[in-house]
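Student: One structure, pasted below without further comment.
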Ligand code: ADP
């Protein structure tokens, strides 16, 4: 039994379809023959009786040998005719089954084989491989195989995108790690060859680079957690004012030390905001930290919370700092993107903070954007969060 199952399983789909047709024809033939065997004698009797009545001949007596022989001959002929008809019908049905199974298998098997070939190519690393989608483009008008082909292509596109991101990430990370590592190596070689003085400044410079490396690794770790949605958000209704105050108090000292003032403005009668307090606090601290970093001493930073369309709350961080040239605005949320590479690097920036912030806001169902009137004229970072229904 097991071997039959295995053997059937290994047969091509076209052959399986053909066998299924044959089984239907065979069973149909058997049923027809058996039924004919039971029904034919009585049908024949009825037919004879009707014929006799029509010809107005007396009903035959039992035991009349010549008529009994005639009846039997007639019945044998009748049965032979029925069997012949059934056999002919079965042969015709088998021929049609061959044609139909060839047609159906071409319709079914060809796309499946197409997908098999494409999946093998993708497994070999050719992520740009796609299958042909036949039929109407709109989903409702497609048959299941075309829908499957469409899903397959979508899956292939996602794989291709992920693979590109992976390669780009490896390239970016390698690039980011190389600079501090090369600097540390240079200092160490200088110390070994005694061309650099073994003093406080040298150690300080090495420490600074090592610190940059460890911050970069921590940022990357955080980014991978956020991008993998590894956090389970604890969404509750919070007073927006409290969230702003908490973020401000975290960086209060740094603002004072640099001589940048920080204001909070919250609109009146604001409904509570639906957010994970820690995660949104983290996003806000990233924006506030940037505002502080890119605003010279004597500047101002303002945080506001106000009602936004479609029952949302808008939180903004406005600074009077160095601003962002308009051509850079579309890219600043991209991983490792820095407007002024040397300035950001010197400040220890990894170019990951805004990517993390964007992801956190989007996971809350919000949107984030940046604006700036131009270099030297400050920047505005704003994001929305859903408001709680009162
Ligand atoms: P970084 O750690 O380098 O600051 P971010 O992802 O936080 O990385 O920011 C990306 C880039 O966006 C920064 O390198 C900087 O050029 C620019 N940027 C971010 N915030 C501001 C701001 N408030 N003012 C001016 N430029 C900013």
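Readers should treat all values here as calculations from the given coordinates under stated rules, not as data from a laboratory. A quick note: this is a predicted structure, and the numbers were derived from the prediction, not measured. In this analysis, Cβ positions are derived from the backbone assuming ideal geometry, glycine residues included, and neighbour counts consider all displayed protein chains.
Student: Quick check: convex hull of the Cα atoms in region 300-390, volume per residue, rounded to a whole Å³? Present the calculation step by step, with values, prior to reporting the outcome.
Tutor: On the way: hull volume 9.6 nm³, N = 91.
Dividing the Cα hull volume of region 300-390 by its residues yields 105 Å³.
Student: Something else about it: Sort 223, 148 so that the residue with the fewest other Cβ atoms within 10 Å of its own Cβ comes first and the one with the most comes last.
Tutor: Values: 223 19, 148 16.
Ordered by Cβ neighbours within 10 Å, fewest first: 148, 223.
Student: Taking 7 Å along the Cα-to-C-beta vector as the label spot, tell me the residue 233-residue 45 distance in nanometres, rounded to one decimal.
Tutor: 8.2 nm
Student: So what's the angle, to the nearest 10 degrees on a 0 to 90 scale, between helix 353-363 and the longest Cα principal axis of the chain?
Tutor: That helix lies at roughly 40 degrees to the long axis.
Student: Additional query: Give the relative contact order (percent, whole number) for the chain; include only Cα pairs under 8 Å separated by 6+ residues.
Tutor: 11 percent
Student: With axes computed from alpha carbons, what is the tilt in degrees of helix 200-227 against the longest principal axis of the chain, rounded to the nearest 10 within 0 to 90?
Tutor: It is inclined by approximately 30 degrees.
Student: With an 8 Å cut-off on Cα pairs and a minimum separation of 6 or more residues, tell me the relative contact order of region 249-321 in percent. Intermediate results must be reported in sequence, preceding the final value.
Tutor: Values: 94 pairs, mean separation 27.2, N = 73.
Value for region 249-321: 37 percent.
Student: Separate question: Which of 369, 308 comes first, and how do the rest follow, when ranked by fewest Cβ neighbours within 10 Å?
Tutor: In increasing order of surrounding Cβ atoms, one gets 369, 308.
Student: Helix 144-192 versus the longest principal axis of the chain: what angle, 0 to 90°, nearest 10, using Cα atoms?
Tutor: 30 degrees
Student: OK, next. Give me the distance in nm between label points sitting 7 Å out from Cα along the Cα-to-Cβ direction at residue 217 and residue 22, one decimal.
Tutor: Label at residue 217, label at residue 22, 6.7 nm between them.
Student: Here's something else I'd like to know. Restricting things to Cα coordinates, could you compute the convex hull volume per residue of region 13-134 in Å³?
Tutor: 118 Å³
Student: Just to verify a number: FRET efficiency for residue 198 and residue 178, C-beta to C-beta distance, R0 = 25 Å, to 0.05?
Tutor: 0.45
Student: Applying 1/(1 + (r/R0)^6) with R0 = 22 Å to the Cβ-Cβ distance of residue 144 and residue 96, what FRET efficiency is obtained, to the nearest 0.05?
Tutor: 0.35
Student: Stretched out fully, how many nm does the piece from residue 188 to residue 316 gain, at 0.36 nm a residue minus the Cα gap?
Tutor: 41.6 nm
Student: Next up: Assign one of three labels to region 188-297, namely rounded, prolate or oblate, based on the Cα gyration tensor with a ≥ b ≥ c the square roots of its eigenvalues; rounded applies when a/c is under 1.5, prolate when it is not and a/b is larger than b/c, and oblate otherwise. Present the calculation step by step, with values, prior to reporting the outcome.
Tutor: On the way: a/c = 4.81, a/b = 1.87, b/c = 2.58.
Taking the square roots of the gyration eigenvalues as a ≥ b ≥ c, region 188-297 is oblate.
Student: Report the relative contact order of region 156-298, percent, no decimals, based on alpha-carbon pairs under 8 angstrom and at least 6 residues apart.
Tutor: 22 percent
Student: Per-residue ellipticity at 222 nm for the chain, helices alone: DSSP H runs ≥ 4 residues times -39500 (n - 2.57), over residue total, nearest 500 deg cm²/dmol?
Tutor: About -22000 deg cm²/dmol.
Student: Then there is this: Principal axes first, then extents: for the Cα atoms of region 104-221, list largest minus smallest coordinate on each axis, whole Å, largest first.
Tutor: Dimensions of region 104-221 along the principal axes of its Cα atoms: 83, 26, 16 Å.
Student: Quick one: length gained pulling residue 277 to residue 11 fully straight, 0.36 nm per residue minus the C-alpha distance? Write down the numbers at each step before the final one.
Tutor: Numbers: separation 266, 0.36 × 266 = 95.76 nm, distance 5.93 nm.
So the extension gain works out to 89.8 nm.
Student: Rounded if a/c is under 1.5, else prolate if a/b is larger than b/c, else oblate: which is region 243-354, with a ≥ b ≥ c the root eigenvalues of its Cα gyration tensor?
Tutor: Because a/c hits 1.5 or more and a/b exceeds b/c, region 243-354 counts as prolate.
Student: Want the number for residue 83 to residue 257: 0.36 nm per residue separation, take away the alpha-carbon distance, what's left?
Tutor: Gain on extension, residue 83 to residue 257, equals 52.1 nm.
Student: Need one word for the chain: rounded, prolate or oblate. Basis is the Cα gyration tensor (sqrt eigenvalues a ≥ b ≥ c); a/c below 1.5 gives rounded, then a/b vs b/c decides.
Tutor: On the way: a/c = 5.26, a/b = 2.89, b/c = 1.82.
Since a/c reaches 1.5 and a/b is larger than b/c, the shape of the chain is classed as prolate.
Student: Further question: Looking at the calculated P(r) for region 184-230, what percent of the C-alpha pair distances fall above 16 Å?
Tutor: Values: 553 of 1081 pairs.
Pairs farther apart than 16 Å: 51 percent.
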